[in-house]
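Written out below as structure tokens is the structure these notes cover.
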Amino acid sequence: MHEVSLVHALFDQVDRAIAPHGSKAVRILKVRIGDLAGVDAELFATAFDGCRSERGYVAAALELVTEPAVWRCAECGAEIVAGSVLRCRSCDGEARLAAGGDLILDRIELEVADV
Ligand SMILES: [Zn+2]
């Protein structure tokens with residue numbers, strides 16, 4: 001299941017980001033999954049639940065947001081509505097995927113210790 005390796009990659013990223021704080025401080029991990037990222041959100045959430053205790057993130061909750069695909073013209077930057085032809089209506093430039101193609105760690109929320 002390729003989602004499991006994605007979850008481990010995510011935790012690797014979190015490990016590095018929160019190194020000074022320790023994994024127990026992580027409350028919420030917000031992750032964006034693009035429509036075209038080739039990731040099944042449900043499988044990803046299941047894999048997250050299965051891996052978080054072994055990775056030391058028992059208290060971390062996953063917040064998943066799906067991101068719709070957005071295409072833009074490579075020439076003029078105009079947004080292109082995905083249809084049968086993925087070309088710019090104004091200049092006939094090629095379409096490039098501008099959003100929705102990645103899995104992104106959006107935000108890490110840490111437990112704030114009482115002072
Ligand atoms: Zn264009």
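A crude spin-label estimate for the pair Ile18 and Leu110, with each label 7 Å from Cα along the Cβ direction, gives 0.9 nm.
With the Cα gyration tensor of the chain giving a ≥ b ≥ c as the square roots of its eigenvalues, does the rule (a/c under 1.5 for rounded; else a/b larger than b/c for prolate; else oblate) give rounded, prolate or oblate? Here the chain falls in the prolate category. Between the amide H of Val70 and those of Ala98, Ala99, Gly100, distances stay under 5 Å, these residues lying 5 or more places away or on another chain, with hydrogens modeled in the peptide plane. Distances longer than 16 Å among the Cα atoms of region 33-98: what percent of all pairs is that? Within region 33-98, distances greater than 16 Å cover 59 percent of Cα pairs. Computed from the C-beta positions of Val65 and Asp92, the FRET efficiency with R₀ = 35 Å rounds to 0.55. Compactness of region 1-54, taken as the C-alpha radius of gyration over 2.2 N^0.38 Å, stands at 1.16. Once the Cβ-Cβ distance of Arg27 and Glu79 is raised to the sixth power relative to R0 = 41 Å, the FRET efficiency obtained is 0.70. Database remark: amide H of Val26 closer than 5 angstrom to the amide H of Glu111 (H placed geometrically; neighbours at sequence offset of 5 or more, or on other chains; Pro and chain starts carry no H).
The value of relative contact order for the chain, using C-alpha pairs under 8 Å at least six residues apart, is 35 percent. Applying the Karplus relation 6.51 cos²θ - 1.76 cosθ + 1.60 with θ = phi - 60° to region 6-18 yields 3J(HN,Hα) values of 5, 5, 5, 4, 5, 5, 4, 5, 5, 3, 5, 5, 10 Hz, where x marks Gly and Pro.
The numbers here are math on the coordinates, done by the rules we state, and not lab data. Keep in mind that this is a model prediction, so the values were computed, not measured. A quick note on method: Cβ atoms are made from the backbone with ideal geometry, for glycine too, and the neighbour counts reach across all protein chains shown.
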